1. Can you tell me which condition Ser81 does not meet? The list is (1) of a type outside the set (A, V, I, L, M); (2) at pLDDT 95 or above; (3) surrounded by 15 or more Cβ atoms within 10 Å (Cβ to Cβ), and all the others hold.
2. What are the pairs, 6+ residues apart or on separate chains, where a residue within region 21-32 that is under 21 Å from Leu126 (Cα atoms) has its Cβ under 8 Å from a residue that is at pLDDT 95 or above and acidic (Asp, Glu)?
3. Take region 67-110 and flag every residue that is more than 13 Å from the chain's Cα centre (by Cα), polar (S, T, N, Q) and under 25 Å from His137 (Cβ atoms).
4. When the residues of region 163-182 are narrowed to those that are under 19 Å from Arg38 (Cα atoms) and of a type outside the set (A, V, I, L, M), which ends up surrounded by the most Cβ atoms within 10 Å (Cβ to Cβ)?
5. Within region 165-194, count every residue that is among the basic types (Lys, Arg), out of contact with any Leu (no Cβ under 9 Å at 6 or more places or on another chain) and at pLDDT 95 or above.
6. Can you pull out every residue in region 46-60 that is surrounded by 15 or more Cβ atoms within 10 Å (Cβ to Cβ) and closer than 27 Å to Asp124 by Cβ?
7. Of everything in region 62-75 that's of a type outside the set (A, V, I, L, M), touching a residue at least 12 places away in the same chain (Cβ under 8 Å) and not in a loop (DSSP other than H, G, I, E, B), which residue is surrounded by the fewest Cβ atoms within 10 Å (Cβ to Cβ)?
8. Which fully enclosed strands (runs of 3 or more DSSP E) of region 76-194 have 3 or more residues being on the phi > 0 side of the Ramachandran plot and in contact (Cβ under 8 Å) with a residue 24 or more places away in the chain?
Amino acid sequence: MLDRLLKPQIRLKGREVTLRLPQPADFSDWANLRMRSRSFLEPWEPKWPEPPFSRREFIQTVRRQTGEARAKKAYSFFIVSDDGTLMGGITLSNIRYGVCQNGEIGYWMGEPFAGNGYMHDAIDTLCEFGFRQLRLHRIQAACIPGNERSERLLKKAGFEREGLLRSYLLIGGAWRDHHLYARLSGEDGRLGPI
């Protein structure tokens, strides 16, 4: 009950998906989807712990994410269908204001839902939130070279590749280079300048 009272209630409606903050009660759906999608996700993510999932750690993560959203530092959303089915997740993090007005996105999609346009909708919805409500000027994303699916998605969502971040993130136990992509407020014509 206390979690519900303290949790920011943010729901963002896209064309086909809704972005909502995770709840402790989501553990089973989240763990099941992640396990079913493990081989699909592992090449692009930090090394999975063994055993991979703990209800306790999940609840601690949800509470940390709640605090970050309340402080307007990061927003971690689950991507759900109209009937409430969990399909994936997307995060706007490292939010900075002042002269920077910047945030970074990261995302994952469960394998059964990949390739159907849901993540494109989620990225557009999150960018609209970032540009219009948070008044960010720039949203960026990093993508491992060779992740063609993710690179096509970012380009389709209006992001432009800007450069290479050498040895940027620890993925699968190794430091990996990433391409840096960015989208600026007003660049796509729909989210006019702030």
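1. (3)
2. Note: no pairs meet the criteria.
3. Gln101, Asn102
4. The qualifying residue surrounded by the most Cβ atoms within 10 Å (Cβ to Cβ) is Gly172.
5. 1
6. none
7. Within region 62-75, the first condition is being of a type outside the set (A, V, I, L, M), and the residues that meet it are 63-68, 70, 72-73, 75.
If we keep only those that are touching a residue at least 12 places away in the same chain (Cβ under 8 Å) too, we end up with 63, 65-66, 68, 70, 72-73, 75.
Checking which are not in a loop (DSSP other than H, G, I, E, B) leaves us with 63, 65-66, 68, 70, 75.
Values: Arg63: 14, Gln65: 19, Thr66: 19, Glu68: 17, Arg70: 11, Tyr75: 25.
Only one residue tops the list, namely Arg70.
8. On the way: elements: 86-96, 102-109, 138-143, 160-171, 174-184.
Because the criterion is at least 3 residues that are on the phi > 0 side of the Ramachandran plot and in contact (Cβ under 8 Å) with a residue 24 or more places away in the chain, no strands (runs of 3 or more DSSP E) in region 76-194 meet it.
The values are calculated or read from the model by the stated rules, or taken from the named source; none is laboratory data. Bear in mind the structure is a predicted one, so any value in this text is a computation, not a measurement. Cβ coordinates were reconstructed from backbone atoms using ideal geometry, including for glycine residues, and neighbour counts include every protein chain displayed.
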